[in-house]
Amino acid sequence: MKLYVIPGTCAVVPHTALEWTGADYELELLDHDSVKSEEYLRINPQGAVPAIVDNIEGSDIIVTQNIATQVYIDANYPEANIFGMDTSAAGKADIMHWLAFINADVHKAFAPLFGPDGFVEGEAAQESLKKKAKDNIAHLMRLPNEQLGKQDYLTGTKTTADVYLYITLTWAKKFEIDLSKYSNINGFIKRMEADDGLTAVIEQQGLEKIESL
């Protein structure tokens, strides 16, 4: 199995999942230019990460989109419990709720910060857009903060949803989003950065731990 990532992106999530499984996998580090190369576009025509290429009986299986790669890893290594120990209908719905929330709401909310010129023209308009985006992200983060006031991890036990939340918090620090009113976030960051799998991923991708916001 080969995993394609851009360091510091949401691809940290399936990368950490693979570390948790103990699987023998190959890592390919890309950048924002190489994902647009003709070679990579044959793997993922969207020119995005993550992507998994797995050779099964001589045929390549290609899996793209963050949550899909996690589902593929979970299906191949169920004993790793990357989605947690609760396999009841309610437990499965809970992990998918948090993954969907972070993927569709929180992650998407960062788009104006990563590329404001793709939304509006002019410096003043872009600065206004970025401020609104930061306010929106801060508002969204109240929900995981409330959840982390009840338990150490989003679903009670550590899952890939927690890794996804963690990587969005690294972006929040990068863009200097004020989350100081959320008292449960820094404790969560410390717990995540004590995880051996995530620590290995941070080292392999050449990243740094953020320690706190």
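Just the residues that are surrounded by 15 or more Cβ atoms within 10 Å (Cβ to Cβ) and either part of a loop (DSSP other than H, G, I, E, B) or of a type outside the set (Phe, Trp, Tyr) (or both), please, taken from the stretch 174-190.
Ile177, Leu179, Tyr182, Asn184, Ile185, Asn186, Ile189 - these are the residues of the stretch 174-190 that are surrounded by 15 or more Cβ atoms within 10 Å (Cβ to Cβ) and either part of a loop (DSSP other than H, G, I, E, B) or of a type outside the set (Phe, Trp, Tyr) (or both).
Collect the residues in the stretch 92-111 that are without any contact (Cβ under 8 Å) to a residue 40 or more places away in the chain and either touching a Leu at 6+ places or on another chain (Cβ under 7 Å) or hydroxyl-bearing (Ser, Thr, Tyr) (or both), keeping them in residue-number order.
Asp105, Ala109
Using beta carbons and a limit of 6 Å, which pairs, at least six apart or on different chains, have the first residue in the stretch 179-194 and within 12 Å of Ile210 (Cα to Cα) and modelled with pLDDT of 95 or more and the second one assigned to a helix (DSSP H, G or I) and among the aromatic types (Phe, Trp, Tyr)?
Met192/Tyr166
Within the stretch 112-128, identify whether any single residue is touching a Leu at 6+ places or on another chain (Cβ under 8 Å), surrounded by 18 or more Cβ atoms within 10 Å (Cβ to Cβ) and among the hydrophobic types (A, V, I, L, M, F, W, C), and answer yes or no.
No, that holds for no residue.
What are the residues in the stretch 128-154 that are in a helix (DSSP H, G or I) and small (Gly, Ala, Ser), if any?
Result: Ser128, Ala133, Ala138.
Keeping to the stretch 160-178, report how many residues are closer than 21 Å to Ile67 by Cβ and charged (D, E, K, R).
So the count comes out to 1.
For the stretch 155-173: of the residues being part of a helix (DSSP H, G or I) and charged (D, E, K, R), which is surrounded by the most Cβ atoms within 10 Å (Cβ to Cβ)?
Asp162
Are any residues in the stretch 191-205 part of a loop (DSSP other than H, G, I, E, B) and either charged (D, E, K, R) or out of contact with any strand residue (DSSP E or B) (no Cβ under 8 Å at 6 or more places or on another chain) (or both), and if so, which ones?
Within the stretch 191-205, Ala194, Asp195 qualify.
When both residues are 6+ apart or on different chains and their Cβ atoms are under 6 Å apart, which pairs have a first residue that lies in the stretch 80-91 and is of a type in the set (A, V, I, L, M), and a second that is surrounded by 11 or more Cβ atoms within 10 Å (Cβ to Cβ) and at pLDDT 95 or above?
Note: pairs meeting the criteria are Ala80/Trp20; Ala80/Thr21; Ile82/Ala17; Ile82/Trp20; Ile82/Asp74; Ile82/Thr160; Met85/Thr157.
Just need a number here: residues in the stretch 44-59 that are over 19 Å from the mean Cα position of the chain (by Cα) and either at pLDDT below 95 or surrounded by 20 or more Cβ atoms within 10 Å (Cβ to Cβ) (or both).
The total comes to 5.
Spot the failing condition for Asn76; the list is (1) farther than 14 Å from Pro14 by Cβ; (2) in the same structural domain as Leu27 (by TED's automatic domain parsing), and only one is missed.
(1)
The values are calculated or read from the model by the stated rules, or taken from the named source; none is laboratory data. Small disclaimer: the values here were computed from a predicted structure and weren't measured. Ideal geometry is used to build each Cβ from the backbone, glycine not excepted, and the neighbour counts take in all protein chains shown.
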